[in-house]
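Peer 1: Have a look at this one.
Where a number appears in this text, it was derived from the coordinates with a stated rule and is not lab data. None of the values given here were measured: they were computed from a predicted structure. Cβ placement follows ideal geometry from the backbone for every residue including glycine, while neighbour counts extend to all protein chains displayed.
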Ligand code: FAD
Ligand code: AMP
């Protein structure tokens, strides 16, 4: 039986990053992952790399370029006649991006002396991990001083809309439509529904998004959510709030969808239907019968604040445990756990996990929303600054959106930053850094920002907290 200091189960951004860090720290490390690519070969990188973050962003970029041909470039004096979209080429490019990154993860593991095993890992007693190889490849058992579970998540399925992989699909199917659906229905106006809806809308689909809740993007700052809803609706996304899907039946030509809103039962015909109603921890076949791994109420693996589970020497991270289901949160926990195993101090600052939604304009935030501060009775000051007051935004033709900085009224510590606008995914990093150093809005306001850049909106919003924005 091979012996390791650490065996990681799961090769997504939680697991592979944990394994790399373990390797860097000189721990004898193995990683077990079961994902196979379309070619039947191991495809490291988990949900994020194979059917999540990376392919969705590749398609968002492709579709954004296509959309810009008609909607942005003419204003720059550029007209392109006879432009067309080759969906097969777009998907092939996306697949190539994914495969390049799959190889990159494998190379990083090798560089850090991590042994990768392809197959299903199961935690047994005494922290042994059995690896069932694919097909009839047999089983082998690894002995581990420590185990890190990073088994990730899978899409939530709802009985009223059973996924058939053809007419009714989940995120993986919606990243691989062979042609642009004329009419696309999406259940769920969450991050995934909005991003995938944007892709196909830009390519020409009529997109109808059915969302059970009355509130749009309930976790986001209300002002940001309100502006984003208006903007996405203007772009042609038909977002129906308070619309709970009660049935979906796939036929030869399309899907008959039933839903209910305040006015009563409604019906809708679409060519394809995407079920994007959230994700749940993936723990099937993960532990042997004699292992008492405690789960929380939400079906996730129960962990303490340094990701220790109820089993001694076993940690769990990422989508399989509490907290937002985001790749960078999983990776951060992976690093922290590796350092804890190596005897180092652990620091996971869950307070400052940034959120990003890659629509156009993008939506990004970190920290508290205004409604959370109000509910908590916190005394705060807010400063906002619109993109339309930025020279760089005008130059780029991207003037929609704003930045909002929220700071404690007494200490001036930044409590939250909310951005709706182009490049929000990049701009939010400055806010995260500022909050990590517990900066005041004054600190940000006194920091020189290059001109002309979109980051000036962050600077000006910080100045606005004290009522001294310069360009508005
Ligand atoms: P996963 O990435 O799910 O990886 C788990 C891995 O473990 C998988 O390879 C799985 O096969 C393997 N595994 C599980 N159990 C076993 C077992 N018993 N034995 C062997 N292997 C096992 N997040 C962002 O931060 N930014 C984004 O832009 C973003 N976009 C997304 C877009 C979509 C369409 C989707 C679906 C998700 C997106 N996410 C995004 C979320 C992100 O993908 C997840 O938060 C992230 O992948 C979680 O990482 P993880 O390592 O915990 O798990
Ligand atoms: P997220 O968890 O961010 O991916 O978002 C999933 C969304 O799907 C949530 O906002 C849910 O309210 C929504 N949802 C779940 N079930 C249904 C349903 N049957 N009909 C419409 N929306 C749903």
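Quick grid of which residues meet (1) on the phi < 0 side of the Ramachandran plot; (2) in contact with a helix residue (DSSP H, G or I) (Cβ under 6 Å, 6 or more places away or on another chain); (3) more than 16 Å from ligand 2 (Cβ to nearest atom):
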residue: 108; (1), (2), (3): yes, yes, yes
residue: 114; (1), (2), (3): yes, yes, yes
residue: 117; (1), (2), (3): yes, no, yes
residue: 124; (1), (2), (3): yes, no, yes
residue: 148; (1), (2), (3): yes, yes, yes
residue: 161; (1), (2), (3): yes, no, no
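Peer 1: Does the stretch 317-340 contain at least one residue that is more than 16 Å from ligand 1 (Cβ to nearest atom), in contact with a helix residue (DSSP H, G or I) (Cβ under 8 Å, 6 or more places away or on another chain) and not in a loop (DSSP other than H, G, I, E, B)?
Peer 2: Initial filter on the stretch 317-340 (more than 16 Å from ligand 1 (Cβ to nearest atom)): 339-340.
Filter again for in contact with a helix residue (DSSP H, G or I) (Cβ under 8 Å, 6 or more places away or on another chain), leaving 339.
With not in a loop (DSSP other than H, G, I, E, B) added as a condition, the list becomes 339.
Yes, the conditions are met somewhere in the stretch 317-340.
Peer 1: I need every pair where a residue in the stretch 267-285 that is within 14 Å of residue 301 (Cβ to Cβ) has its Cβ under 7 Å from the Cβ of a residue that is within 16 Å of ligand 1 (Cβ to nearest atom) and assigned to a loop (DSSP other than H, G, I, E, B), sequence separation at least 6 or different chains.
Peer 2: Note: pairs meeting the criteria are 280/156; 280/299; 281/299; 281/300; 282/151; 282/152; 283/151.
Peer 1: Kindly provide the set of residues from the stretch 364-383 that are under 20 Å from residue 445 (Cβ atoms) and either part of a loop (DSSP other than H, G, I, E, B) or free of Cβ contacts under 8 Å to residues at least 24 places away in the same chain (or both), ordered by number.
Peer 2: If the condition is that a residue be under 20 Å from residue 445 (Cβ atoms) and either part of a loop (DSSP other than H, G, I, E, B) or free of Cβ contacts under 8 Å to residues at least 24 places away in the same chain (or both), then 368, 379 are the ones that fit.
Peer 1: In the set 450, 431, 462, which member is outside any strand (DSSP E or B) and touching a helix residue (DSSP H, G or I) at 6+ places or on another chain (Cβ under 6 Å)? Can you show your working first?
Peer 2: Working: 450 fails: touching a helix residue (DSSP H, G or I) at 6+ places or on another chain (Cβ under 6 Å); 431 fails: touching a helix residue (DSSP H, G or I) at 6+ places or on another chain (Cβ under 6 Å).
Just a single option satisfies the conditions, and that option is 462.
Peer 1: In the set 366, 353, 399, 403, which member is touching a helix residue (DSSP H, G or I) at 6+ places or on another chain (Cβ under 7 Å), within 16 Å of ligand 2 (Cβ to nearest atom) and closer than 30 Å to residue 198 by Cα?
Peer 2: 353
Peer 1: Could I ask something else about it? Mind checking which pairs have a first residue in the stretch 220-248 that is under 25 Å from residue 204 (Cα atoms) and a second that is within 16 Å of ligand 1 (Cβ to nearest atom) and assigned to a loop (DSSP other than H, G, I, E, B), Cβ under 6 Å, 6 or more apart or different chains?
Peer 2: Cβ pairs passing all conditions: 225/217; 239/189.
Peer 1: Answer yes or no as to whether residue 165 is closer than 17 Å to residue 248 by Cβ, free of Cβ contacts under 8 Å to residues at least 60 places away in the same chain and outside any helix (DSSP H, G or I). So that I can check it myself, show each step before the final result.
Peer 2: Values: closer than 17 Å to residue 248 by Cβ: yes; free of Cβ contacts under 8 Å to residues at least 60 places away in the same chain: yes; outside any helix (DSSP H, G or I): yes.
It is true that residue 165 is closer than 17 Å to residue 248 by Cβ, free of Cβ contacts under 8 Å to residues at least 60 places away in the same chain and outside any helix (DSSP H, G or I).
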